[in-house]
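First the structure, in the form of structure tokens, and then the observations on it.
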Amino acid sequence: MKKRYFLLLIASLFIWGTADSFAQQRRASTALEHGAHRIGKRVDADMQQWREHGLGQFIHWGVYAIPGGHWEGKFYTGAAEWIRSWKEMPKEAYDNLYKEFNPTSFDAKAWAKMAKEMGVKYLIFTTKHHDGFCLWPSKYTDYTIANSPYKKDIVKEIVDAYNAEGIDVHLYFSIIDWNHPGYRSAAPLTKHDKDNYGQFLTFTANQLKELLTNYPTVKGLWFDGSWDKAWIEEAAWVDELGKELRAMKPGLVIGSRFRADENGKRHYDTNGDLIDDYDQTWERDLPKSMADLNGVDWDCVMTVPENQWGYHSDWKGYVKTSYDLIEMMAHSVSMDGNFVLNFGPDGKGNIRPEETLLAKEIGEWMKINYEAIYGAGHAGLEKQGWGYYTQKGNKVYMLVFNPSISKKLKTVFPRGGSIPEKAYFLDGQKEMPIIDGGRNKQNERIFYISIPEKYTSDQPFVIVLDLKDNSTDKDSYQQAKT
Ligand code: FHN
């Protein structure tokens, strides 16, 4: 009897463990006022829409696009948008660059059209980077587009053009602001510093409220530069500001880079719980397994060269191909994340030819295979060497990057779940045989998807598996005595 109860307990622990293994759970229980305000994923329609995007575009644009990584013949090896912090760059010269900012080639509608053709579902646009220059006519500073020769409200042009193409817009906003006299990176020491920093905080709050008021269709705020000690120490104030912003715009999506908890913990609070709506730590990096993800929503933001976000006229080192980027997108979606690719237009408003080509190539792939990306997510199947699985309803998508020489792609399905009953190319629907490969030692079902011998492709391709229920499967593998 005792033994039966023990076995039942073990079985229920196992079931509970698998069902919940990717759901965020509270790990510790220190009482926090400014930690996570929710455990587990947001379940509302706005967040669901964000989650289903799959592919996003990031645009870094500002006056740093004018020097484009050079100053007086000298080459800046850092990220182009950081050039103001370079010892060779005179601060005054940089702070006057806006007087030359006149992007006569800028065409918001053409950018939005390109993004649409690429298959992008949302845009993250830099309203203000660390230099403090505002691409909208903020009434709280003179350092804005209104005082440049261009004069027009670029943020408005972008929001209108992208929305007209059915693309959601999220606004990037840097907390670091090198132009504001009250800005500090370290905690304010003297009373004077504190007063100045207080003015900076009010300015920041005003600008954020101004953005949400001026551009009411935006879906989220993508914060950056929030790692300063001075900002972290204002955890209670920042938390309050977050609540005000959310009250202004119900459904607003905010990632984990906005605020810290009262102990200075960022992204994940003292209890290990995600702060705000999704994990923003995956910058130029991808998780290796679902276990790295703590059961939360996340996005991956990626550059085309190694680490250049704003326009740098000379890209050094390896420049990613559309193949690399499509693979990163597949990787992200297969683990329930959004993949966001960065573009850095030049000082005149041209998107560089390399980026235009990548957008075109990704778009061509998306036109055929979008079904495996939009609204798709983790399939719960063990990754195989040929590529990535995604799943939507009772269809599993195999995104194939490395077809095996044998042309037989191995798949492993857990016992008692669904199994594939039909396999076909997403492009053209041509069916292919499913070979039953029996069971492995864990009693999982193995199937080989047999690609036609003559099939070749110089592109990653997608195979769809229609699933059928197999929960009544009682057969088991004859355990070998080893
Ligand atoms: O310092 C910035 C950098 O310039 C760029 O904007 C990236 C984009 O995620 N964020 C910061 C570095 O994490």
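Only the coordinates and a few stated rules stand behind these numbers; no lab work does. All figures in this text were calculated on a predicted structure; none of them were measured in a lab. As a convention, Cβ positions derive from the backbone with ideal geometry for all residues, glycine included, and neighbour counts pool all protein chains shown.
List of remarks:
- Spacing of the modelled spin labels on Phe75 and Thr104, each 7 Å from Cα toward Cβ, amounts to 3.0 nm.
- Shape of region 191-237, Cα gyration tensor, a/c cut at 1.5: oblate
- Overall form of region 360-405 per C-alpha gyration tensor (a/c, 1.5; a/b vs b/c): oblate
- Ordering of 136-147, 87-98, 250-261, 32-43 by packing [mean C-beta count within 10 Å, highest first]: 250-261, 136-147, 32-43, 87-98
- Note on Thr202/Asp160: beta-carbon distance plugged into 1/(1 + (r/R0)^6) with R0 of 25 Å gives a FRET efficiency of 0.30.
- Oblate is the label for region 239-284. Its Cα gyration tensor axes, ordered a ≥ b ≥ c, give a/c of at least 1.5 and b/c at or above a/b.
- Summary of packing: across the peptides 433-446, 157-170, the per-residue average of other C-beta atoms within 10 Å ranks them, highest first, as 157-170, 433-446.
- Helical content alone sets the calculated 222 nm signal of the chain at -8000 deg cm²/dmol, taking -39,500 (n - 2.57) per DSSP H segment of four or more residues and averaging over every residue.
- Ranking Val412, Asn443, Tyr388 by how far each Cα lies toward the positive end of the dipole of region 387-468 (charges on Cβ) leaves Asn443 at the top.
- Degrees, to the nearest 10: 108-118 long Cα axis against longest axis of the chain: 10
- Beta bridges by DSSP in the chain, antiparallel share as percent, to the nearest 5: 55
- Annotation for Ile39 and Lys209: the two label points, set 7 Å from Cα along the Cα-Cβ direction, are 3.4 nm apart.
- Peptide ranges 407-420, 279-292 listed from the most packed, as the mean C-beta count within 10 angstrom indicates: 407-420, 279-292
- Between helix 353-369 and the chain: long-axis angle, C-alpha atoms, 0 to 90°, nearest 10: 30
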